[in-house]
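Let me begin by presenting the structure, written as structure tokens, before commenting on it.
The values are calculated or read from the model by the stated rules, or taken from the named source; none is laboratory data. The structure displayed is predicted, hence computed values, not measured ones. Glycine gets a Cβ as well: all are built from the backbone with ideal geometry, and neighbour counts include every protein chain shown.
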Amino acid sequence: MATTEQVRRLYAGRDLAARILAAAGAGAGPVDVDALTPYDQLHAGGAPATTALLDLLGLTAGIVLLDVGCGLGGPARLAARRHGCHVTGVDVSPDFVDAARELTDRTGLTDLVTVELGDGERLPCADASHDRAMQLHVGMNVPDKAALFAEVHRVVRPGAPFALLDQMRVGEGDLPFPQPWATTPDASFVETPDAYQDALAHAGFDVLRVEDRRPALAASGGPRQEGLVVVFGDDFAARLANSVAATRAGLLAPVLVLARA
């Protein structure tokens, strides 16, 4: 079973914010959110996929959004910039949290985006404290998705929408490893869309929509590795190639799910 420490080791890196800012050509002053999107959207489809997910949540100024497994804070910053909402990002990686805070400061969004260190199964949030929730490419590292979703259900208000985008199992066969989220099979917890729906229902959510995002990903030209190599290192290209191969073989798909508490 993957442990918190295993996940932290995978999502670790020195000087992440400095590397990203240098790659983005940032000077010493403010940085535009869009300049960071090649590097801080750590999921299939990048910023367009984030935008598609955000559009389902009905975000407006004053809304309080939870981002579970916020990574480098890219989706949280995009939500705050586009919609003026407040976002609480939670991530298990201290390195990602530190980088997310620095990048948020450089974009001038610290009044709207807060990033906390925490585990998705023990969120550092009060009961019914958020109006919306989102999760992007987190479930593949979580063996007990029902427990994760129950915790999300605890911290959102009744009737709150919850949108997630994960890589899901859509065909039979062995996945090639390493993958972007796991170097070995024992650390990978990819599930089917049906399993996600069951886990969400068990946690108290009603599933409203399930969308296979492979057509949208193909229309966008597929995943781009250059920005993510800046974050994860040169070996990420091979990890991404294995994910692309599994998608083309019909084993994996990025799937968007919208549910309501």
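General observations
- You will find that of Ala22, Ala12, Ala18, the residue that is in a loop (DSSP other than H, G, I, E, B), closer than 18 Å to Gly233 by Cβ and either in contact with a Pro (Cβ under 9 Å, 6 or more places away or on another chain) or free of Cβ contacts under 8 Å to residues at least 24 places away in the same chain (or both) is Ala12 and no other.
- Residue match in segment 241-252 (condition: assigned to a strand (DSSP E or B), closer than 26 Å to Arg9 by Cα and either of a type in the set (Lys, Arg) or modelled with pLDDT of 95 or more (or both)): yes
- Search result, residues across segment 176-193 that are surrounded by fewer than 17 Cβ atoms within 10 Å (Cβ to Cβ) and not in a loop (DSSP other than H, G, I, E, B): Pro185, Asp186
- Residues that are at pLDDT below 95, among the small types (Gly, Ala, Ser), closer than 21 Å to Thr183 by Cβ and surrounded by fewer than 16 Cβ atoms within 10 Å (Cβ to Cβ) occur at least once in segment 4-12.
- In summary, His202 fulfils each of the numbered conditions (1) modelled with pLDDT of 95 or more; (2) outside any helix (DSSP H, G or I); (3) not charged (D, E, K, R) with the single exception of condition (2).
- Residue within segment 135-152 that is surrounded by fewer than 22 Cβ atoms within 10 Å (Cβ to Cβ), closer than 27 Å to Gly58 by Cβ and basic (Lys, Arg) present: no
- Residues in segment 49-68 that are surrounded by fewer than 19 Cβ atoms within 10 Å (Cβ to Cβ), of a type outside the set (A, V, I, L, M, F, W, C) and either over 13 Å from the mean Cα position of the chain (by Cα) or closer than 25 Å to Pro124 by Cβ (or both): Asp55, Gly58, Thr60, Gly62.
- Odd one out for Gly120, checked against (1) modelled with pLDDT of 95 or more; (2) on the phi < 0 side of the Ramachandran plot: (1)
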